[in-house]
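Q: Just passing along the structure, written as structure tokens.
FYI, it's all coordinate maths here, none of it is from the lab. Since this is a predicted model, take the numbers as computed values, not measurements. Every residue, glycine as well, gets a Cβ built from its backbone with ideal geometry; the counts of neighbours run over all protein chains shown.
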Amino acid sequence: MSYVRFAAVLVMVSAAVAAAQSPPLAVAAASDLQSVLPALAARFEHDASSRVMLTFGSSGNFFAQIQNGAPFDLFLSADADYPRRLEAAGLTEPGTLQPYAIGRLVLYASTPSGLDLGLGLAVLTDARVRRIAIANPEHAPYGRAAVAALRHERLYDRIRPKLVLGENVSQAAQFVQSGNAEAGLLALSLALAPALRTSGTYVEVPASFYPSIEQAAVVMKASNRKDAARRFLAFLARPEIVQVLKAAGFLPPPLAPGAR
């Protein structure tokens with residue numbers, strides 16, 4: 001082996017060892033990303049030789065945890081307002097707030113329920129629907145969107161006793177999948193995932209029924225892995241990754257690469 005080739009191999013090995021020894025990039029991620037982000041993180045790890053540790057949950061809970069010093073490097077929120085508020089409080093790295101997607105709300109029903117989703121949200125008044133799963137609107141953007149859509153159709157007060165609240169939209173989806181609810185107002189990204197796609201049907205809730213679910217990411221000021229976090233943000237903005245997110249049920253954010 002030539003000296004030049006040996007030196008190149010040594011550099012590659014050294015980089016791999018350094019990546020393995022460095023702490024992983026700690027990412028707090030909205031639960032609507034649960035069906036697509038693990039594969040994207042694995043792709044990033046391969047491309048950037050940087051490990052990623054994903055934690056999924058409700059954006060509002062992450063917001064509170066970060067305010068209280070939770071050691072996340074990067075926050076991928078389902079509500080752009082939370083990163084903006086962290087930025088206003090001086091808890092984020094300046095200039096890193098970045099929209100990455102727009103979420104979409106769907107009405108989902110399990111196959112055994114036999115519901116006609118062509119009736120739209122009005123089908124939730126059907127006597128066969130005893131429980132309707134939504135994310136907790138106190139801290140989950142999809143929960144707030146669900147309530148807004150029901151209020152838009154003047155159904156909220158009528159079906160409120162049927163509501164069961166998930167800690168986040170992923171848990172709300174689990175309620176329907178497990179049979180603990182006949183229907184749910186969920187993220188399209190979760191309805192497209194194999195587990196739900198094979199156990200029920202869905203229709204999109206018109207976007208005019210609820211405020212836009214604008215999602216944004218931001219690097220935390222306290223992070224010790226700011227360079228890796230910035231690289232992950234750049235990775236999410238790559239046109240091919242925007243298209244992956246689009247296929248997974250998200251709309252591209254305004255002016256995002258690949259949005260057109």
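Q: Kindly put Ser178, Ser31, Ser50, Ser212 in sequence by how many other C-beta atoms sit within 10 Å of each C-beta, fewest to most.
A: Ser178, Ser212, Ser50, Ser31
Q: Additional query: Two-decimal Rg/Rh of the stretch 150-260 from alpha-carbon positions, Kirkwood Rh?
A: Computed over Cα atoms, the ratio is 1.04.
Q: For Cα extents along the principal axes in Å, which listed value, (i) 85, 39, 32; (ii) 77, 42, 34; (iii) 67, 47, 28, comes from the coordinates shown?
A: Checked against the structure: label (ii).
Q: So what is the relative contact order for the stretch 103-209, in percent, with contacts set as C-alpha pairs under 8 Å and at least six apart?
A: Computed over the stretch 103-209, the figure is 44 percent.
Q: Separate question: Step through the residues of the stretch 123-137 one at a time and calculate ³J(HN,Hα) from phi using the Karplus curve (6.51 cos²θ - 1.76 cosθ + 1.60, θ = phi - 60°), rounding each to whole Hz and writing x for Gly and Pro.
A: These are the phi-based 3J(HN,Hα) values: 5, 5, 7, 4, 4, 6, 8, 9, 9, 10, 8, 9, 6, 4, x Hz.
Q: Okay, moving on. Skipping prolines and chain starts, which residues have an amide H placed within reach, meaning under 5 Å, of the one on Leu163, given they are 5 or more residues away or on another chain?
A: Close amide H contacts, sequence-distant or interchain: Ile132.
Q: Same structure, new question: Below 19 Å, Cα to Cα, which lysines can Lys162 reach? Residues fewer than 8 away in the same chain don't count.
A: Candidates past the 8-residue exclusion: nothing left.
Q: Most fluctuating residue of Glu87, Glu138, Glu167 in a GNM of the chain with Cα springs under 10 Å: which is it?
A: For the chain, modelled as a Gaussian network with Cα springs under 10 Å, the answer is Glu138.
Q: Given +1 on the Cβ of Lys and Arg, -1 on the Cβ of Asp and Glu, and no further charges, what dipole in debye does the stretch 103-209 carry about its Cα centre, rounded to the nearest 20?
A: 140
Q: Of Pro141, Pro194, Pro24, which has the largest mean-square fluctuation in a 10 Å C-alpha GNM of the chain?
A: Top of the fluctuation ranking is Pro194.
Q: Among Val123, Val106, Val176, which one moves the most in a GNM of the chain with springs linking Cα atoms closer than 10 Å?
A: Checking each option, the largest mean-square fluctuation is seen for Val123.
Q: Take Arg154 and Asn180, extend 7 Å from each Cα along the Cα→Cβ direction, and tell me the distance between the two endpoints in nm.
A: Here the answer is 3.4 nm between the modelled labels.
Q: OK, next. With charges only on Cβ, +1 for K and R and -1 for D and E, what is the dipole size of the chain about its Cα centre, in debye, rounded to 20?
A: Magnitude of the dipole: close to 120 debye.
Q: Continuing with the same structure: Rank His46, Leu74, Ser110 by how far each Cα sits towards the positive end of the charge dipole of the chain (+1 on Lys, Arg Cβ; -1 on Asp, Glu Cβ) and give me just the farthest.
A: Toward the positive end, the furthest listed residue is His46.
Q: Moving on. Cα atoms only: what Rg and Dmax, in Å, come out for the stretch 103-209?
A: Every Cα atom of the stretch 103-209 included, Rg and Dmax give 11.8, 33 Å.
Q: Under 8 Å for C-alpha pairs, at least 6 residues apart: give me the relative contact order for the chain, rounded to a whole percent.
A: 27
Q: While we're on this one: Among His139, His46, what is the fewest-to-most ranking by other Cβ atoms within 10 Å?
A: Ordered from fewest to most neighbouring Cβ atoms within 10 Å, His139, His46 come out as His46, His139.
Q: Hey, another quick one. Tell me the net charge near Ala135. Cut-off is 11 Å between Cβ atoms, Ala135 excluded, with +1 for each Lys or Arg and -1 for each Asp or Glu.
A: Net local charge, Ala135 excluded: -2.
Q: Of the DSSP beta bridges with both residues in the stretch 103-209, give the percent that are antiparallel, rounding to the nearest 5.
A: Beta bridges within the stretch 103-209, antiparallel portion: roughly 60 percent.
Q: Ranking Leu185, Leu115 by Cβ neighbours within 10 Å, fewest first, what do you get?
A: Taking fewest neighbouring Cβ atoms as first place, the list is Leu115, Leu185.
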